[in-house]
Each structure stands twice: as C-alpha cells, then as structure tokens.
Amino acid sequence: MSNNNADVILKVEELKMYFPIYRGVFQRQVGAVRAVDGVSFNVYRGETLGLVGESGCGKSTVARTILQLYKATDGNVYFENVELMKLRGEELRQMRRKMQMIFQDPYASLNPRMTVEQIVGEPLIVHSAATGKEVQERVEHLLELVGLNPAFATRYPHEFSGGQRQRIGVARALALQPSFIVCDEPISALDVSIQAQVVNLLEELQEQFNLTYLFIAHDLSMVRHISRHVAVMYLGVIVELTTRDELYLNPLHPYTQALLSAVPVPDPEVDVQHKRVILEGDVPSPANPPSGCRFRTRCPIAESICAESRPEFREVKPGHFVACHLVK
Amino acid sequence: MVTNNEKLLKVEKLVLHFRTTVGAVQAVDGVDFSLTSNRAVVILGESGCGKTSLAKAILRLLPRNVGEYSGKVYLNGTDVMAFNDEEFRQNVRWVGMSLVPQAAMNSLNPVIRVGDQVAEPAMIHLGVKKEEALNLAKQMFQHVGVPVDFLVRYPFELSGGMRQRVAIAMALVTSPSLIVLDEPTSALDLLTQANIFNVLKRIKKELGTSFILITHDIATSSELADEVAIMYAGQIVETGNAKQFFPAPLHPYAQMLMASVPRLRADQDPEFITGQPPSLINLPTSCRFAPRCPKRFEKCEQDPPVIEKEGRKVKCWLYA
C-alpha cells in the first residue's frame, strides 16, 4: 500500500488456504476447496480493517489462517515483523497472546457450564499471566472495562442477554492485553437495537488501548461506521481494497457496486429511487472456481477477456486496489 | 353485526399465553390489527417480543402448553376462531392462509424431492391428482424463480436462497389469499435477501397475494411494507401506513428502533436502546416500554391507551 510511514502491524502476502477433498476407500485426495486463494493486505496499528463478502467467500478462513489456527497452504503472514508461519511451539504460543478473537455467536462461544469468572480468567491461567487472587481482580477489572457489573462474575452465560454475552466475549479477548483482535461477525447475531452498543464498546476500547481490529462482517452499513479501510472478498480473493470513504462513494468493482446497491434503506420513498444491481445465481463452488476472473459468471459487464486470465490486483488510484480487467 | 367484508384479515384482542412452571408467558397479549387485500403488513420488534407467537396464534399452530388462547380472527369476514380444529385445518390453513416458517430453508424434508414436497399441500388440500399437483408446483417454481428442473432435486442439492424460494413456492401452491412469512431472509446473504424480496414483490403484483411479514430487519422490510405494526412485549404499540411510519415513527420505541439501524449513506452514528425487553412472565402494570424509555413521565405508571393520530394508532401517553 502507498502509505509507507504508517506502522504496519499485520502484513499478509499471497495467503492461500486449500482444504483437501478426499474420496473413495483409500481416501485419495481428489481436489481441494480453495477457500482462500491469494490474498494480500496490510493492517495498520490502531486502525480497523473491515472485511466484507457473502457467506462462504472465505472471510473467516482468512482470519483463522492469520491466527495460525489453520496451517496455510502458501503465503506469508507477518505480525509485528515476525513471520508467523515459521513459529512453532512456545514461540507461537507467546505470539498468540497478542492476537485474540471475538466470535460470531455469543450463544455458542461461551461454555454454558463455566461462570463468567472462569471464562474471562481462563486465558490468564492458560498463559500463566496471573495466579490466585490476582485472576479474580483482573477479571473484575475486565468486566468493568466492558461495562458489566463485576458482581456478575459468579453467574453463568445463560443469565445474560445477547449483548451482555458478547461483552463477556470481548472481556475474554482483552484478558491478555492483545494488540490485535479479529472480530468475526461480532454483531450479526444481535438484535439491531443493541448492535450499536457492542460497536461503540469496541470503538472505545480501541481508543483506550490502541487496539487493531480485523472486523469481519456481511453488513456493509455497520462496517462503514467502524472501519478505516475496507476489503471486499469474493470466492477466496479480495476484489477491492481501499479507504472506507473511497469504497462507499466510488466503488469500482462490479461486485462491490452490486453489494452496495443491495443494502436496503429503511425508507420506502428512497428505496423506489435508488437503482439496484441484482446479481442472479449463487456463488460458485470454491472447489471448482470459474476460470479467469472468479466473478465473471455473475458479472453484469463481463467480457471475453474475463474468462481468459485472472485479473491482477492492482492500484488504480492512490490507495485504491481493484482486481478487474475492465476498470480503467 | 359489523361486516368486515373489505378487510381480508382482521385480528381483534388476540391473546396467546403459555403455561410454564414459573407462571404464564404472555407472548401475545391483546393484539389488534387488520389488513386489506393485496397489501403487506410488516410486524417489527426485537427478539423475544412475541412476533413468532403471533404468527402461530393466527394460524393456530399451537404447542401443548397453551394457557389462554382467545380473541377474534376474521378472514374474509368469517370468524375463524369459532372453527373447531378440523374445520380450521380444512378451510383455513393452506387454503385461506399459509405459513413460511422461520428458517424455512431448514424445514424441508431432506429425503423427499422438493417438487413432491411442494406438490403435497395441493394434493391434500385441493384434492388434485399427483400429476396436476406437480404441474402446479412447476408453475409455482416459475413464480419464485427456481429452475423447473430442480423439481426432482433433494433439498441438500439446493443453496440456501433456492431452498427459501422452494418454501415460498410451497406456501403458494394452494393459492391462499394470505401468506405469513416468519423471518424469511434473516439467515441469508445480502444479495440473496434482495433477490427474495424481489420475488415477494413480483408475487404480490402477479398473484395479488397479501403478506404478513414478521421480521426484526427494519431496513429490508421497508421494501415490501404497505403497513407497519410495531410489537413490544406481546403488544402492538404502533400501527400505521408505511409511507407515514418510516420517515417519522411516533412511539418512542419505534423511534429508537429506527435510530438503531445503521445507515449506509448518512453520517449519524447508529444509536442503541439500553436494557432489554421485559420478561413476558411478570409484566409491569405500567407502560411496558417505560423502564427503557427516555421520554417517560408520571403518566407512564399506568398502561397507556391506544390513541388515533392522523390515521395511525399509537399506544403511548405522549399523544394522549
């Protein structure tokens, strides 16, 4: 990216993650699901990168591969200038303290048989960051940070509402004082009336601790509120990456344009006026993606060149990257 | 007797309580609304405020632990609440109104071909032969935009959006005048959502079907809505014409709900409603929204009446 003087905390280069498909009695590998197929981007310290796309396009796989929860097929991930793929054992474990994750479903990501204190305190104990009485104090402090009453520490997850549960998930992610947090659709399971609560909390914490977020979502309007840069993914590749304002005002890739036009406006009058690009069909299978540009099968402006070669992910304007043959 | 001829559906004082060991869950507690032919009403509210129970009460799809179930539901002027279960099954469900259940895409039988599943209600409720029913299913597939060669496929061979369309086709096959859609798009992607709503709009235009759309997705619902009803803690707190409602909701709850929707093309930050909806077991005697309401005053200690204002109805003391 052009902005060289900014502090790059995470650098992802040509990341690939293929999941093998096995068939037959001998479990021979017959193919691969190309969940992530050559993704590169930078994340700057203290900012939020939004990652958007339809389900099944590989957003979560990118995040998990970065966190070394999967062993990447190819590519490099540098976190604070350390090459994560080369780390093993204790070194990797120490690195994990700095990279945490907030999960999508606050109903499924908290163990129902553990109290809040055990849930939030577990990372501290696992990483020997605190012992005995200290754990309890840290947990109370963390609960206060996320706006929960510390007296709730002895309660179980089922005693909380969805928004409160997601706060518990945030407190757990903060326990080891990480510098980078992956937020994997943290609000999509919540009612719209409380989504802003969680987003505001994440923003406050970011300011307070200079946190860096990778914010995964399919809700473009919420991403606009929290991100500085936004990357749009389609079928395992990033098709467009630029600053938030540039993306929303001047989307160049036809897929981004379609996504933006599909965002509903809660006003019937406005809705009638704005023109929608409706894409027909479904996302093709990542086990057998189309040749050339992966979006061409649904693209309203596709030409013959789109089937022949894969479009290069290039900078068409300063800070505006697009993978499309037809964007000048 | 008052005739309800011009109304397709009229719901009066509908009550559905569930018995539990800790007390009655007042999921639907005196709901009134009506709908004219070829219109769509959207029922909006947070989770746990009784929206799905309202759908079940209208279609009489009740679980075993029903406590109180009363009120009137007029369909084309006939009080269908007076029917016994068998009459209701024969004359109302599927034929008069049908349901697209929540997570409809997962409600298909995995071991039966989708064409046969769509044809089944037609065979049972319209008494037609299988061949004719399959023919009807084929027509419905065309209406909802599923390729007709999908008739012989199994649900797992279809994507989520296609399965949702199949579920809608199944609700349409008996040509009911009203379809109740319970969260039809909440598990689907943005682009698929837009496609499903286009299908619904087309059906409304081509077949003249009316819809009750139950959802918490305010922004998407505005596309189809003619009327809006806001539900909170088992009651309807505001009803009105969609064109009037969306730019200027009246009830404080509706206003806050609208303000919490993130806007793509506006710079104001979305807001949130503090607290959560009350438990439906021990409901306060005051206005049910009062504990979370920023505009509450002394009068809110009492249950507010429904007040008519410019053709809209709102249950709030602010307008008394």
request  = Ignore the peptide's own chain and count Cβ atoms of other chains within 10 Å of each Cβ in B:264-270; give me the average, rounded.
outcome  = 6
Principal-axis tilt of helix A:162-174 within chain A, Cα atoms, nearest 10 degrees = 80 degrees
task = Any aspartates and glutamates with Cα under 20 Å of the A:Lys133 Cα? List them, leaving off those in the same chain fewer than 8 positions away.
result = A:Glu117, A:Glu122, A:Glu144
ask   = Counting only the heavy atoms of the protein chains, how much of A:Ser188 is accessible to a 1.4 Å probe, in Å² to the nearest 10?
value = 50 Å²
query = Which residues of the stretch B:231-246 end up with at least 40 Å² less accessible area in the presence of all protein chains than when their chain stands alone, using a 1.4 Å probe?
reply = B:Lys243
task = Treat every Asp and Glu Cβ in the protein assembly as shown as -1 and every Lys and Arg Cβ as +1, leave all other atoms uncharged, and give the resulting dipole magnitude about the Cα centre to the nearest 20 debye.
result = 940 debye
inquiry  = Give me the residues in the stretch B:5-47 whose solvent-accessible area, probe 1.4 Å, is reduced by at least 10 Å² once all protein chains are included instead of the chain isolated.
reply    = B:Glu46, B:Ser47
remark   = Computed on Cα atoms, Rg of chain B relative to 2.2 N^0.38 Å comes out at 1.02
inquiry  = Projecting each Cα onto the charge dipole of the stretch A:70-128 (Lys/Arg +1, Asp/Glu -1 at the beta carbon, about the Cα centre), which of A:Thr115, A:Tyr78, A:Gly89 comes out farthest on the positive side?
reply    = A:Gly89
Average beta carbon contacts from partner chains per residue of B:221-228, 10 Å cutoff = 3
request  = Considering only protein heavy atoms, with the full assembly of protein chains and a 1.4 angstrom probe, order B:Met97, B:Met123 by accessible area, largest first.
outcome  = B:Met123, B:Met97
task = Pop out the carbon and sulfur fraction of the accessible area of the protein assembly as shown as a percent, whole number, probe 1.4 Å.
result = 49 percent
message = For a quick check, take a GNM of chain B with Cα springs below 10 Å and name the residue from B:Arg113, B:Arg165, B:Arg39 with the largest mean-square fluctuation.
response = B:Arg113
request  = Would you mind computing the Rg to Rh ratio of the stretch A:1-159 from its alpha-carbon coordinates, Kirkwood style for Rh?
outcome  = 1.04
request  = Mind checking the full-extension length gain between A:Ala129 and A:Tyr70? Use 0.36 nm per residue of separation minus the Cα-Cα distance, one decimal, nm.
outcome  = 18.7 nm
key: Estimated D of the stretch B:87-169 in µm² per second, where Rh is the Kirkwood radius over Cα pairs and Stokes-Einstein applies at 4 °C, 1.567 mPa s   = 100 µm²/s
request  = Could you work out, residue by residue across A:183-194, how many beta carbons of other chains sit within 10 Å of that residue's beta carbon, and then give the average as an integer?
outcome  = 5
request  = Compare the Cα positions of B:Ala119, B:Leu54, A:Gly319 along the charge dipole of the protein assembly as shown (+1 at Cβ of Lys, Arg; -1 at Cβ of Asp, Glu; about the Cα centre) and return the one farthest towards the positive end.
outcome  = B:Ala119
ask   = Chains B and A: how much accessible area gets covered up at their contact, both sides added, probe 1.4 Å, in Å² to the nearest hundred?
value = 3300 Å²
task = Identify the residues of the stretch A:177-195 with backbone N under 18 Å of a label point that sits 7 angstrom from the Cα of A:Glu204 along the Cα-to-Cβ direction, or state none.
result = A:187, A:193-195
query = Rounded to the nearest whole Å², what accessible area per residue is found for the protein assembly as shown with the 1.4 Å probe?
reply = 44 Å²
query = Just how many % of Cα pairs in the stretch B:9-98 lie over 22 Å apart, if you round to the nearest whole percent?
reply = 26 percent
query = Which residue, chosen from B:Ile307, A:Gly292, A:Leu279, occupies the Cα position most advanced towards the positive end of the dipole of the protein assembly as shown, where the dipole is computed from +1 (Lys, Arg) and -1 (Asp, Glu) charges on Cβ about the Cα centre?
reply = A:Gly292
request  = Please compute the Cα-Cα pair-distance distribution of the protein assembly as shown with 10 Å bins starting at 0, giving whole percents from short to long.
outcome  = 3, 14, 23, 25, 20, 11, 3, 0, 0
note = Between A:Glu315 and A:Ala108, Cβ-based FRET efficiency (R0 45 Å, step 0.05) works out to 0.70
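The values are calculated or read from the model by the stated rules, or taken from the named source; none is laboratory data. Only a predicted model underlies this, so the values are computations on that prediction, with no experimental measurement involved. With ideal geometry, Cβ positions are generated from the backbone for all residues, glycine too; neighbour counts draw on all protein chains shown. Ligands, DNA and RNA are excluded from the accessible area calculation, which covers all protein heavy atoms including side chains. Shrake-Rupley method; radii C 1.70, N 1.55, O 1.52, S 1.80 Å.
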